[in-house]
Amino acid sequence: MGLRTLAPTVDVCIIVDVLSFTTSVDIALGRGAVVFPYKWHDGSEFTFAESVDAEVASGESESRGWSLAPSSLAKVPAGTRLVLPSPNGSALSFGAAEAGADVVVAACLRNGAAVGSVYADEKVTVGVIASGERWKRTTGPMRVAVEDLYGAGAVLSMFDTDDLSPEAQAAVASWREAEPHIADRLRACASGRDLILKGFQSDVDLAAQVHVSDLVPTLEGNRFVNGRP
């Protein structure tokens, strides 16, 4: 509901899904891959991948080939055409475009400052969506994902505080308090604990890297590209 309400009212809609969609997008684009987000992981992604001559990343908790796990993409070869199915970050990216956002950008802790600084000094309206998570993945109710609040705050910390809504100011305050301890916070949050229990601490640690990327992943048609449209 928040996305559908916000997206038509802003020039730029920034999606934050730190664990792990937008982190994976940043890493894959940084390696020179071509990233096609996809809303569902229901089998239809294979038909879509065939239509764009790409391969499908497996689920985050799977270990075969490329996957939504950021660590699996750290060595993806340049030029790899990759479909990243995600019912959360990917679905929100397309949802923002469908709801009327002119520009849709993927941000995480790795590139939050880069994304924020691109738009902070421009005369555009910006909305930041902290994606949240679902209990039981795609079937359960939504829950707050504090890592996405931090990611939103990292983006918004590049803006003049006086230009921010109270909600945005709260995100910035949360980020500034957490930043010195961010690796520990991500390991201790619900999403981080879940991934670590499944053997994916390296993905949490990659997602906790702050300001290491200058990429601005922007949705262009059915793929993410680096830079403003």
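Considering only the range 79-104, state which residues are of a type in the set (A, V, I, L, M) and under 19 Å from Trp40 (Cα atoms). Lay out the reasoning, then the answer.
From the range 79-104, those of a type in the set (A, V, I, L, M) are 82-84, 91-92, 96-97, 99, 101, 103-104; that's our starting set.
Leu82, Val83, Leu84, Ala91, Leu92, Ala96, Ala97, Ala99, Val104 - these are the residues of the range 79-104 that are of a type in the set (A, V, I, L, M) and under 19 Å from Trp40 (Cα atoms).
Taking only pairs six or more apart or across chains, which ones have beta-carbon atoms under 6 Å, a first residue in the range 110-122 that is closer than 16 Å to Val212 by Cβ, and a second residue that is of a type outside the set (Gly, Ala, Ser) and part of a helix (DSSP H, G or I)? Every condition considered, the pairs that remain are Arg110/Asp26; Asn111/Asp26; Gly112/Val155; Val115/Val155; Gly116/Val155. Every test in (1) surrounded by 14 or more Cβ atoms within 10 Å (Cβ to Cβ); (2) free of Cβ contacts under 8 Å to residues at least 40 places away in the same chain is passed by Leu215 save one, and that test is (2). Residues of the range 72-109 that are of a type in the set (D, E, K, R), touching a strand residue (DSSP E or B) at 6+ places or on another chain (Cβ under 9 Å) and either under 16 Å from Pro37 (Cβ atoms) or without any contact (Cβ under 8 Å) to a residue 60 or more places away in the chain (or both): Arg81 alone. Of the helices (runs of 4 or more DSSP H) contained entirely in the range 79-168, those carrying at least 3 residues that are within 12 Å of the chain's Cα centre (by Cα), crowded, with 17+ Cβ neighbours inside 10 Å and at pLDDT below 95 fall at 89-99. Exactly one residue out of Val172, Val212 is under 17 Å from the mean Cα position of the chain (by Cα), of a type in the set (Val, Ile, Thr) and at pLDDT 95 or above: that is Val212. Note on the range 30-49: among residues that are part of a strand (DSSP E or B) and β-branched (Val, Ile, Thr), the one that is surrounded by the most Cβ atoms within 10 Å (Cβ to Cβ) is Val35. Within the option set Leu19, Leu6, being surrounded by fewer than 22 Cβ atoms within 10 Å (Cβ to Cβ), within 18 Å of the chain's Cα centre (by Cα) and outside any strand (DSSP E or B) holds for one residue only, Leu6.
The values are calculated or read from the model by the stated rules, or taken from the named source; none is laboratory data. These figures come from a predicted structure and were not determined experimentally. In this analysis, Cβ positions are derived from the backbone assuming ideal geometry, glycine residues included, and neighbour counts consider all displayed protein chains.
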